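Values quoted throughout were computed directly from the atomic coordinates according to the rules given, and no laboratory measurement underlies them. Just so it is clear, the model here is predicted, and its values are computed rather than measured. Every residue, glycine among them, receives a Cβ derived from its backbone with ideal geometry; neighbour counts consider all protein chains shown.
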Amino acid sequence: MGELFAEVLTEIFFFCLDHFIKTFGMGSIAKTKAEVEKVLQEAQAMKQDIGKISNQRINLHAQLSENQIVEQELALLKDDAEVFKLIGPVLIKQDLLEARGNVSKRINFITSEMKRIDDQMALLEKQQATKENQLMELQIKLQKLAKQGAVQ
């Protein structure tokens, strides 16, 4: 809801700005407006990247949960229990220690991938916050230029 409001507010701002530029012919305002549009596009691209990364993290979390359940089930088995691995349409007998090791390796891999994605998401969120600050500064600059143009 807040994103929709921000987009509508931005559209209204640009509409008013276009009208002001046409009326008063302000070159510096047009240049600043172009900067605002560029920063806005960059911020929106980052938001999309954050969404993609968030989906990847959700998938990894589901995989981690599944593998942790398998690890718990394998821990309940006696050492002489038979374990089978599904490969295509065929069940293949697998050594219990090997199965436990494979699941443990998968859990470690998924955990490290989640850490990498968390770091990447934190970096993108920081960059997006910087873009939003730039956008606010440029909008304030545009408002000041518009006021100066209206006074002249």
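Work out from phi, with θ = phi - 60° and the Karplus expression 6.51 cos²θ - 1.76 cosθ + 1.60, the ³J(HN,Hα) of each residue of the range 70-78, listed in order in whole Hz, and give x for Gly and Pro.
4, 4, 5, 5, 5, 5, 6, 6, 6
Beyond 11 Å, what percent of the Cα pairs of the range 38-79 remain?
Everything past 11 Å amounts to 70 percent.
Calculate log10 I(q)/I(0) of the range 44-106 for q = 0.14, 0.16, 0.17 Å⁻¹, where I(q) comes from the Debye formula with a single equal point scatterer on each Cα and nothing for solvent.
After summing over all Cα pairs, the log10 values are -0.55, -0.64, -0.69.
Trypsin sites (Lys or Arg not before Pro), restricted to the range 33-136: which are DSSP loop and have at most 11 other Cβ atoms within 10 Å?
Details: sites: Lys33, Lys38, Lys47, Lys52, Arg57, Lys78, Lys85, Lys93, Arg100, Lys105, Arg106, Lys115, Arg116, Lys126, Lys131; in loops: Lys78.
Filter output for the range 33-136: Lys78.
State, to one decimal in nm, how far the label point of Gln48 lies from the label point of Ala129, with both points 7 Å from Cα in the Cβ direction.
Label at Gln48, label at Ala129, 2.5 nm between them.
Considering just Cα atoms, how many Å³ per residue does the convex hull of the range 91-147 enclose?
In the range 91-147, the Cα convex hull volume per residue is 65 Å³.
So who's got an amide H within less than 5 Å of the one on Gln94, skipping anything under 5 residues away but keeping other chains? H placed 1.01 Å off N, in plane.
Val83, Phe84, Lys85
Let me check the size of the range 24-151 from its C-alpha atoms; what are the radius of gyration and Dmax in Å?
For the range 24-151, the Cα radius of gyration and maximum Cα-Cα distance read 26.5, 89 Å.
Holding the Cα-Cα limit at 30 Å, pick out from Lys33/Lys115; Lys78/Lys105; Lys31/Lys126; Lys47/Lys85; Lys52/Lys105 the pairs that are longer than that.
Where the Cα-Cα span goes over 30 Å, the pairs concerned are Lys33/Lys115; Lys47/Lys85.
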